[in-house]
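Visitor: Below you will find the structure I want to go over with you.
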Amino acid sequence: MKYLCRGYIAEEKWETMCESERNAIMDECFADDDVLRQSGHFVGGEALQSPRSAKTLRWHSAKVFVTNGPYAETKEQLGGILSSTSIAKNDVTNSTRLSRHSEPREDRPMAKLNDSIREFLNGRHYGTLATFNDDGSIHLTPVQYLFEQDHFFVSTADDRKVRNILARPQASLLVDSRRKQGAERWVSASGRAEIMRGERSKQINGKIAERYLTKAGLEDPVVGPALTAAGEASICLTPTSWRSWELKSLDEQYFGGILGQTPEKWFLPID
């Protein structure tokens with residue numbers, strides 16, 4: 001189970017604090033993040049700007065109305081978000097963010113992977129795999145993939161992404177579709193990655209090749225071996241965090257579907 005933890009803050013109280021008091025609070029939050037990282041439960045987190053910078057969007061009478069300010073005028077406003085995987089109840093109640101400060105925090109289970117996303121990922125798309133280099137920078141690679149039993153599999157040679165995963169077994173994979181304007185969509189998954197070898201890897205890589213190559217391409221004595229030669233191993237990504245976006249949903253919710261109906265009116269052609 002994954003949780004979205006929403007931390008609230010009384011802005012008037014925050015603004016009366018001196019810089020050292022604010023820094024002390026932020027240091028405690030960062031220490032709390034480190035505890036979750038060490039236990040393997042940390043997924044991500046972001047601090048938010050002042051509630052005064054917020055904009056609230058409402059749909060009414062086939063129009064989108066935008067007002068400045070937070071959704072609700074309350075004493076305590078959302079100050080930041082934290083995403084974590086399933087953790088014990090004691091870990092939640094003993095969190096420094098909750099015990100050292102008076103501001104409340106809401107922990108709520110996140111929605112699971114749905115059938116619409118599964119159907120999209122089972123389609124034939126390309127992905128972008130992200131792994132971490134020694135210096136902390138991100139190594140990006142376009143990949144073909146297989147999505148099976150809610151896991152991603154990628155065929156690979158013994159290259160940098162394999163070395164990165166062996167040293168730092170975390171990775172992300174972005175799958176997107178931009179073939180039809182007005183129907184763009186993407187899904188991103190992050191989690192633990194491992195390297196597979198042997199017969200299981202051979203079977204996985206064979207399935208990946210069958211997803212992307214024609215029968216003639218697979219059977220050709222020159223083309224087939226050349227296009228599948230790099231499959232010396234496989235990467236298995238077990239997602240613990242999901243993100244997704246679909247223009248169709250946004251279009252239907254805020255614009256009544258007009259973006260998808262006449263995309264040429266709203267978007268310039270993509271090269």
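Coordinate-derived values only; no laboratory data. Fair warning: this is a prediction, and the values are worked out from it, not measured in the lab. Because the Cβ atoms are built from the backbone with ideal geometry, glycine has one as well, and the counts that use them run over all protein chains shown.
Visitor: How far apart, in nanometres, would the label points at GLN149 and ALA31 be if each is projected 7 angstrom from Cα along the Cα-to-Cβ direction?
Guide: If labels sit at GLN149 and ALA31, their model points lie 4.2 nm apart.
Visitor: Could you compute how fast segment 175-258 diffuses translationally, taking Rh as the Kirkwood radius over C-alpha pairs and applying Stokes-Einstein at 10 °C with viscosity 1.306 mPa s? Give it in µm² per second.
Guide: 100
Visitor: Could you work out, for segment 115-266, what percent of all Cα-Cα pairs fall into each 10 Å distance bin, beginning at 0 Å and stopping at the bin that holds the largest distance?
Guide: With a bin width of 10 Å, the distribution comes to 11, 35, 30, 17, 7, 0.
Visitor: List MET17, MET196 from most exposed to least, where exposure is judged by having the fewest other Cβ atoms within 10 Å.
Guide: On the way: MET17 12, MET196 18.
Going from least to most buried by this count: MET17, MET196.
Visitor: Then there's this: Using a simple spin-label model with points 7 Å from Cα along the Cα→Cβ vector, what separation in nm is obtained for LEU174 and ASP159?
Guide: In this crude spin-label approximation the distance works out to 1.8 nm.
Visitor: How much length would be gained if the chain were fully extended between ASN68 and LEU166, taking 0.36 nm per residue of separation minus their Cα-Cα distance, in nm to one decimal?
Guide: 30.5 nm
Visitor: Report the relative contact order of segment 202-271, percent, no decimals, based on alpha-carbon pairs under 8 angstrom and at least 6 residues apart.
Guide: 20
Visitor: Counting other C-beta atoms within 10 Å, which of SER172, SER177 has the fewest, and how do the rest follow? Intermediate results must be reported in sequence, preceding the final value.
Guide: Numbers: SER172 22, SER177 16.
The most exposed by this proxy come first: SER177, SER172.
Visitor: For CYS18, CYS236, what ranking results if the residue with the fewest other Cβ atoms within 10 Å of its Cβ goes first?
Guide: Placing the least packed residue first, the sequence is CYS18, CYS236.
Visitor: Could you tell me which of the pairs LYS13/LYS55; LYS63/LYS248; LYS180/LYS207 are separated by over 20 angstrom between their Cα atoms in the structure shown?
Guide: Over 20 Å apart, Cα to Cα: LYS13/LYS55; LYS180/LYS207.
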